[in-house]
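Structure first, then comments.
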Amino acid sequence: MRVLVPIAEGVEEIEAVTVIDVLRRAGAEVVVAGVDGAGPVTASRGVRLLPDAALADVLGDAYDLVALPGGLGQTERLCREAALLDLLRRRFAAGQWIAAVCAAPRVLAAAGIASNLALTSHPSQAEHLAGAREYRTEVVVEDQRVVTSRSAGTALAWSLHLVERLLGPEKRREVEGGLALG
C-alpha cells in the first residue's frame, strides 16, 4: 500500500501528521511530498515538517491513495498545482482512492471533480463547495472512492476510515488498539 501526501506552506499540522502517522502504523508506505521542493515546510501553526521528496520527483509514481491535508495556505497552493490537479482528475476517472480534509476538498473543486461528489469540509469552506453534487456535515463522507472529512478535530476519524477502507476492519482495530482507543 503506497500513499502520497502532498504538503505545502500552511498545511494543517494535525491533519498532515495524523494521516501520515496512522497510515504508517497500519503498514502503508507513505510518501510525504513537498509541493515546492524537498525542503522544510512551515505548517499553519509554525511546526516545520520535512518532506521525503519533492512532489515533482514522485508525482508519476503509482499510489493506492492520494491524501490531501488541509490548511488554508496548503489548500490555496494545491489549487494552483496543475500537475496535482491533473493527477486527481485521472484518479477520479479511474475510480482510484482520493482523500481530503478540512479546506482541502476545495482542491477537488479546483480539479473539476467536486460536482460529481457528495462531500464535506470545514464549515468555513462550505461556500467554496457550493458546486458539489451534495454537501454534507457528517464527520467523514465517502463517495465514489473519495473520502472527505471536516477538520483537524476529525483527522483521526478520517485517517482510521482510510485504514479500514484500504486495509480492512481488522487492520483498523489493530491500529486503534495500538492507539488505546478501544
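None of the figures in this text is laboratory data; all of them are computed from the coordinates on show. What you are looking at is a predicted structure, and each value in this text was computed from that prediction instead of being measured. Please note: Cβ atoms are built from the backbone with ideal geometry, for glycine as well, and neighbour counts cover all protein chains shown.
Think of each Lys and Arg Cβ as +1 and each Asp and Glu Cβ as -1; about the Cα centre, that makes the dipole of the chain roughly 220 debye. A Förster radius of 22 Å combined with the Cβ-Cβ distance from Ser124 to Arg80 puts the calculated FRET efficiency at roughly 0.65. Modelled spin-label separation between Asp57 and Thr42, with each label point placed 7 Å from Cα along the Cα-to-Cβ direction: 2.3 nm.
Among the trypsin sites (Lys or Arg not before Pro) in the stretch 50-146, those located in a DSSP loop and surrounded by at most 14 other Cβ atoms within 10 Å of their own Cβ are Arg80, Arg133. Only DSSP H runs of four or more residues enter the estimate; each adds -39500 (n - 2.57), and after division by the residues of the chain the mean residue ellipticity at 222 nm equals -10000 deg cm²/dmol. Computed with the Debye formula from one identical point scatterer per Cα of the chain, without solvent, the log10 of I(q)/I(0) at q = 0.12 Å⁻¹ comes to -0.48. Between the stretch 111-164 and the stretch 90-106, the C-alpha centres lie 9 angstrom from each other. The slack between Asp64 and Asp143, meaning 0.36 nm per residue of separation minus the straight C-alpha distance, is 26.8 nm. The trypsin sites (Lys or Arg not before Pro) of the stretch 25-55 meeting both criteria, a DSSP state outside H, G, I, E and B (loop) and at most 15 other C-beta atoms within 10 angstrom of the site's C-beta, are Arg45.
In the stretch 1-134, the DSSP beta bridges split such that about 10 percent are antiparallel, to the nearest 5. Compute the distance in nm between two label points, each set 7 Å from the Cα along the Cα-to-Cβ direction, one at Arg25 and one at Arg136. So the two model labels end up 2.4 nm from each other.
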